[in-house]
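Input: a single structure, listed below in structure tokens.
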Amino acid sequence: MAENNKQVKIHVSHLKKSFGELEVLKDVSIDIHEGEVVVILGPSGSGKSTFLRCLNRLEEITDGTVIVDGYDITDKKTDINKVRENVGMVFQLFNLFNNLDVMGNMMLAPTELKKATKEEARETAMRLLKRVGLADKAEAYPAQLSGGQKQRVAIARALAMNPDIMLFDEPTSALDPEMVGEVLQVMQGLAKEGMTMVVVTHEIGFAREVATRVIFMEGGYIVEQGTPDEVINHPKEPRTIDFLSKVL
Amino acid sequence: MLLKILSTYGPLLLEAMGQTLLLALCGLFFACILGLIFGLLSVLKSRVCNIISTIFVDIIRGVPMIVLAFFIYFGFPQFVSSSLGIKNFTLSALQAGTIALALNCGAYMAEIIRAGIQSVDKGQMEAARSLGLPYWKAMRKVVLPQAIRTMIPSIINQFIITLKDTSILSVIGFPELVNTAKNVVANTMRSSEVWFIVGVMYLIVITILSRFAKIMERRINRGRE
Ligand SMILES: Nc1ncnc2c1ncn2[C@@H]1O[C@H](COP(=O)(O)OP(=O)(O)OP(=O)(O)O)[C@@H](O)[C@H]1O
Ligand SMILES: [Mg+2]
């Protein structure tokens with residue numbers, strides 16, 4: 001693949017994840033290079049979220065190796081908090097801190113983790129809020145924002161830590177249709193700037209336009225992967241064809 | 001007669017009410033600390049911590065406070081001097097009363113705090129952790145502030161219960177309101193008036209507390225919207 005000369009940002013080999021008896025990820029291996037935008041498609045329950053959450057160890061990894069940004073996060077000795085500082089995550093339900101206003105949400109991690117002084121953090125926050133078009137909402141509380149606005153703040157909050165990698169778990173699934181566009185637009189901008197992104201989504205249009213690689217997951221395996229054209233327009237695996245025929 | 005008792009024994013009863021409040025405050029202070037410790041132990045992802053917390057709560061809930069008070073005031077010093085060989089170990093009624101109240105109220109506070117923390121959406125902790133915040137920072141800056149909002153009405157309610165429970169500690173001779181009132185009754189032989197006065201005194205203090213709780217609750221809910 002063309003990205004092969006670039007640095008490997010995420011290396012996953014033989015990743016397995018079980019919840020008790022239930023084996024959700026059975027054997028997943030993948031390398032993701034700097035600047036790639038990997039979109040993960042797959043039916044509900046196929047383990048997409050679980051896979052994403054293993055990449056910053058929000059889920060304990062049962063077996064296999066996951067190396068993120070050069071850190072082996074399957075190694076118990078790795079300071080996972082240090083790794084997470086460089087890996088932003090955006091959730092389906094936004095998860096803005098309800099006790100803090102937008103500014104507080106943006107400044108909490110950079111200041112608490114001594115990444116920036118209060119003034120620097122405030123400046124960065126304002127710059128990022130402008131970028132996502134919400135400079136006028138700095139003082140608003142999450143409850144006063146629309147879904148699309150919340151998600152844009154959530155993206156900006158993750159960016160405030162100046163991450164190398166961004167993970168998105170169905171960032172537009174909880175949004176009213178008219179708000180999906182504004183969030184995808186921000187994500188597209190990030191992709192253009194060369195952010196390494198892993199995105200779980202059902203937005204086939206986004207996958208087609210923005211992804212450098214599309215992965216189809218089912219039953220705890222990567223069933224098929226390739227360029228958007230290969231996977232979405234000319235899928236080879238029957239299960240991919242079946243899935244796409246339902247969502248397209 | 002009521003007025004005569006009031007004028008003669010009023011100051012004494014007021015002072016006893018002061019002692020009641022002192023005991024309640026001491027008990028509540030340590031109950032908050034115990035509640036926080038055991039409440040947090042019960043939400044940690046460690047089985048051992050959860051079990052320690054459960055055992056504490058179950059024991060305290062399963063033993064009447066009057067038994068607890070007797071044990072701490074009489075039994076515990078005896079145990080210390082006979083088993084550990086420390087002579088002349090005693091607890092004052094205030095000390096023993098504070099411990100009994102703190103243990104009793106602390107167990108209920110632990111439950112309130114556990115429920116409060118669990119009422120905060122898991123996504124809040126996950127989002128904080130995903131930014132690189134350590135567990136305790138995330139707890140302190142994100143989860144607890146939200147948990148406390150939901151806990152305040154229950155905590156004030158528990159405060160009221162604890163205030164009333166101080167009367168149980170009359171059995172170990174602490175000069176709180178009920179104990180003092182018993183002496184007044186013995187002196188005056190006027191049960192009806194004395195207990196009426198004492199009842200009204202409790203009622204006034206607790207009504208003030210409840211009103212305060214209502215106001216706090218309304219404030220919190222207003223902030224929600
Ligand atoms: N914490 C958990 N405990 C037990 N089982 C879980 C847990 N999280 C996920 N699972 C199970 O793992 C399987 C995969 O879940 P996952 O959320 O990764 O799927 P998904 O592909 O993201 O689906 P969706 O499109 O519905 O979000 C499901 O069967 C789910 O019930
Ligand atoms: Mg999911």
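Springs join every pair of Cα atoms under 10 Å in this Gaussian network model of chain A, and among A:Pro177, A:Pro43, A:Pro235 the largest mean-square fluctuation is at A:Pro177. Each listed q (0.12, 0.17, 0.19, 0.25 Å⁻¹) maps to a log10 I(q)/I(0) for segment B:132-225 from the Debye sum over equal C-alpha point scatterers, namely -0.59, -0.83, -0.92, -1.20. For segment B:105-179 versus segment A:1-72, the inter-centroid distance based on Cα atoms is 39 Å. For segment A:68-180, the square roots a ≥ b ≥ c of the C-alpha gyration tensor eigenvalues yield an a/c of 1.5 or more together with a/b not exceeding b/c, which makes the shape oblate. Note on segment A:10-154: with charges restricted to the Cβ of Lys and Arg (+1) and Asp and Glu (-1), its dipole about the Cα centre is near 400 debye. Each of A:Glu139, A:Glu36, B:Glu217, A:Glu21 was scored by other Cβ atoms within 10 Å of its Cβ. Listed from fewest to most, they are A:Glu21, A:Glu139, B:Glu217, A:Glu36.
Taking amide H atoms as placed 1.01 Å from N in the peptide plane, the amide H of A:Gly42 lies under 5 Å from those of A:Met217, each 5 or more residues away in sequence or on another chain. Since only B:Val80, B:Ile148, A:Val24 are under comparison, the one whose Cα sits farthest along the positive direction of the charge dipole of the protein assembly as shown, derived from C-beta charges on Lys, Arg, Asp and Glu, is B:Val80. Here B:Val67 and B:Ile161 are evaluated by their C-beta separation; at R0 = 25 Å the FRET efficiency comes out at 0.90. The three principal axes of the C-alpha atoms in segment A:87-135 carry coordinate ranges of 30, 24, 23 Å, sorted with the longest axis first. Remark: segment A:103-175 carries a charge dipole of roughly 140 debye about the Cα centre, counting +1 on each Lys and Arg Cβ and -1 on each Asp and Glu Cβ.
Working note: Cα gyration tensor of segment B:36-115, eigenvalues times five, square-rooted, sorted largest first, giving semi-axes of 28, 14, 10 Å. The Cα center of segment A:176-248 and the Cα center of segment B:16-83 differ in position by 56 Å.
Applied to segment B:184-197, the Karplus parametrisation 6.51 cos²θ - 1.76 cosθ + 1.60 on θ = phi - 60° returns per-residue 3J(HN,Hα) values of 5, 4, 4, 6, 9, 6, 10, 3, 4, 5, 4, 5, 4, 4 Hz, with x for Gly and Pro.
Semi-axis lengths, largest first, of the ellipsoid equivalent to chain B are 38, 25, 11 Å, with √(5λ) applied to each eigenvalue of the Cα gyration tensor.
Two decimals is fine: what is log10 I(q)/I(0) at q = 0.13, 0.15, 0.16, 0.17 Å⁻¹ for chain A, from a Debye sum with one equal scatterer on every Cα and no solvent? The computed values of log10 I(q)/I(0) come out as -0.82, -1.08, -1.22, -1.34.
By definition, a body whose alpha carbon gyration tensor gives a ≥ b ≥ c is rounded when a/c is under 1.5, and segment A:1-95 falls into this rounded group.
For a straight C-alpha distance cut-off of 20 angstrom, the aspartates and glutamates reachable from A:Lys118 (same-chain residues fewer than eight places away being disregarded) are A:Glu85, A:Asp101, A:Asp136, A:Glu139. Sparsely packed loop sites in segment A:191-248 (the GluC sites (Glu not before Pro) outside DSSP H, G, I, E and B with at most 11 other Cβ atoms within 10 Å) comprise A:Glu193. Which listed residue (A:Gly104, A:Ser245, A:Pro177) has the Cα farthest towards the positive end of the charge dipole for chain A, taking +1 on Lys and Arg C-beta and -1 on Asp and Glu C-beta about the Cα centre? The residue sitting most towards the positive pole is A:Gly104.
Please name whichever of A:His14, A:Gly220, B:Gly132 sits farthest to the positive end of the charge dipole of the protein assembly as shown, dipole taken about the Cα centre and charges placed at Cβ: Lys and Arg +1, Asp and Glu -1. Comparing the listed Cα positions along the dipole, B:Gly132 ranks first.
Compared with the alpha-carbon gap, the fully stretched path from A:Leu244 to A:Asp164 is longer by 25.7 nm at 0.36 nm per residue.
Placing +1 on the Cβ of every Lys and Arg and -1 on the Cβ of every Asp and Glu, with nothing else charged, gives segment B:141-225 a dipole about its Cα centre of roughly 480 debye. Here the Karplus relation 6.51 cos²θ - 1.76 cosθ + 1.60, evaluated at θ = phi - 60°, turns the backbone of segment B:125-142 into coupling constants of 5, 4, 5, 5, 5, 5, 7, x, 6, x, 3, 5, 5, 4, 4, 6, 8, 10 Hz, with x for every Gly and Pro. In this simple spin-label approximation, B:Ser81 and B:Leu3 carry label points 7 Å from Cα along the Cα→Cβ vector, and these lie 5.1 nm apart.
Values of log10 I(q)/I(0) for the protein assembly as shown across q = 0.06, 0.10, 0.13 Å⁻¹ run -0.42, -0.84, -1.15, by the Debye formula with one identical scatterer at each alpha carbon and no solvent.
How far is it, in nm, from the label point at B:Ile33 to the one at B:Lys214 when both lie 7 Å from their Cα along the line to the Cβ? Here the answer is 3.5 nm between the modelled labels.
Each label point was placed 7 Å from the Cα along the Cα-to-Cβ direction; for B:Ile148 and A:Lys115 their separation is 2.6 nm. What residue among B:Thr180, B:Thr20, B:Thr188 shows peak mean-square fluctuation when chain B is described by a Gaussian network model with Cα springs under 10 Å? Sorting by GNM fluctuation, first place goes to B:Thr188. Whole-percent P(r), segment A:61-102, all Cα pairs, 5 Å bins from 0: 5, 18, 20, 18, 15, 12, 9, 2.
Fewest-first ordering of A:Met197, B:Met109 by other beta carbons within 10 Å of each residue's beta carbon gives A:Met197, B:Met109.
Values in this text are rule-based calculations from the coordinates and carry no lab data. Since the model is a prediction, treat every value here as computed from it, not as a measurement. Virtual Cβ from ideal backbone geometry, glycine too; neighbours counted across all protein chains shown.
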